[in-house]
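Down below is the structure, laid out as C-alpha cells.
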Amino acid sequence: MKGGNFMEQRGLTTGAFAALCGTTKETLRHYKDEGLLRPAHQGANGYFYYDVEQFYDYYAIAIFRQTGTPLEEIRRCQQTAGGTLAVLREQRRRLEQERRKLEQMDFVLSHAIGSMEWADPDMVPRVARFEREHLLAIPARELEGLMEPGAGEEEMVIAVLERCQALCREYGMQPDYQLGAIHLPGVRPGPGTISHLYTRIREPVDCPYCLEKPAGDYLCLCCRGRWDISDGYDALTRYMEEQGVRTSGRVYACDLAGFLLNGVEKNAAALLSVPLDG
C-alpha cells in the first residue's frame, strides 16, 4: 500500500499532524483533553489520527490563543457562528489597542535614541538636517493661567504634563513627553522669550494646539551637563552674529535626556535649533 493511500485511510499521526501545525504533541493532547480538537479517527492499533483539513481547526484555535482568548470561550465559539463573530470582533479590538501601545513604545524609544545621539559635542554650533516633527504646543500664557503666581519650574512642568495628558486624551494623540520650548521669532532667545512649551506627537491631528516643526537645515547647538542653558543661547546668538548666519523662524530648545537620564544635572542635555534662512 502506498504512503498516500495510507494517509487517506488513516490520516496523520499525532506527531505528523503536530509537525504540520508547527506545534507539539503535548499541545495537541491538551486540546484533545479539553475537547477543542479531537482526532478524526482511532485506528485498530489504538493510535489516534488527524485529517489534514483539521489544520484549519488548529490554526483557528492558535489565533484565539495568541490573542489571549480563554479555552472555555474558544469552546463556545466552536458551537455557534454568531459567538465566533463576536469573539473575533473583540479580539480585533484588543489587538488594535495592543498595536497602538507598541507603536507608542516604538515612537518614544526611537526619539529617545535619536535624542541621545545628538548629545555630542557640547557647545559647538553646527548645521544639520532635521526631518519634519509634529508638536503638541501649549502657549506659555495659557500655562501661566494654570499656575499660582510665583510658581517655580517644578510647578510649570506639572502644569505642562497635566495639560498635555488632557489634550492627548481628548484628541487621541500619542506623545513622547520629552519637553521642549519654542521662542518668539525675531528676538534674542532666552528664558524670558518662550512662546510655547511642547512635546512631540507621533502623527498630526486636527487640534488647535498642534504645530509643525518643518523639515530643513538648522543651525543647532547642544548644551550638556547643566540645567541652565542660558550660555547655550548666548553661544548660538554669538555664532550667528560673528559668522553672519541668517536664520528664520522660531528657536527650538528640546530636552534630549528626558525621563531616561535627566534626574542628575551632569546627565542633562538640551538641543537648541533654529532654521536657516533659505
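The residues of segment 29-62 that are β-branched (Val, Ile, Thr) and farther than 23 Å from residue 73 by Cβ amount to a single one, 52. Of all residues in segment 127-173, exactly one satisfies the criterion of being farther than 25 Å from residue 104 by Cα and touching a His at 6+ places or on another chain (Cβ under 7 Å), namely 140. Write out, first by first residue and then by second, each pair whose Cβ atoms fall under 8 Å of each other, whose residues are 6+ apart or on separate chains, and whose first residue, in segment 66-78, is assigned to a loop (DSSP other than H, G, I, E, B) while the second is at pLDDT 85 or above. Hits for this filter: 78/36.
Keeping to segment 141-179, report how many residues are in contact with a Pro (Cβ under 7 Å, 6 or more places away or on another chain) and within 24 Å of residue 227 (Cα to Cα).
Number satisfying all stated conditions: 1.
In the set 106, 122, 57, only one residue is part of a helix (DSSP H, G or I) and surrounded by 13 or more Cβ atoms within 10 Å (Cβ to Cβ); that residue is 57.
For segment 195-245, the candidate set comprises residues that are acidic (Asp, Glu) and surrounded by 13 or more Cβ atoms within 10 Å (Cβ to Cβ); within that set, the residue that is modelled with the highest pLDDT is 217. Residue 59 fulfils the conditions (1) at pLDDT 85 or above; (2) among the hydroxyl-bearing types (Ser, Thr, Tyr); (3) over 17 Å from residue 23 (Cβ atoms) except for a single criterion, (3). Quick one: would you say residue 150 is assigned by TED's automatic domain parsing to the domain that holds residue 247 and part of a helix (DSSP H, G or I)? Considered against the rule, which asks whether it is assigned by TED's automatic domain parsing to the domain that holds residue 247 and part of a helix (DSSP H, G or I), residue 150 comes out as no.
Of all residue pairs spaced 6 or more apart or on separate chains, those with beta-carbon atoms under 7 Å, a first member in segment 188-207 that is under 22 Å from residue 100 (Cα atoms) and a second member that is among the hydroxyl-bearing types (Ser, Thr, Tyr) and in a strand (DSSP E or B) are 199/177.
Conditions (1) on the phi > 0 side of the Ramachandran plot; (2) touching a Cys at 6+ places or on another chain (Cβ under 9 Å), marked per residue:
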position	(1), (2)
134	no, yes
141	no, no
149	no, no
162	no, no
172	yes, no
178	no, yes
195	no, no
206	no, no
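The values are calculated or read from the model by the stated rules, or taken from the named source; none is laboratory data. Please read these numbers as outputs of a predicted model, since none were measured by experiment. Virtual Cβ from ideal backbone geometry, glycine too; neighbours counted across all protein chains shown.
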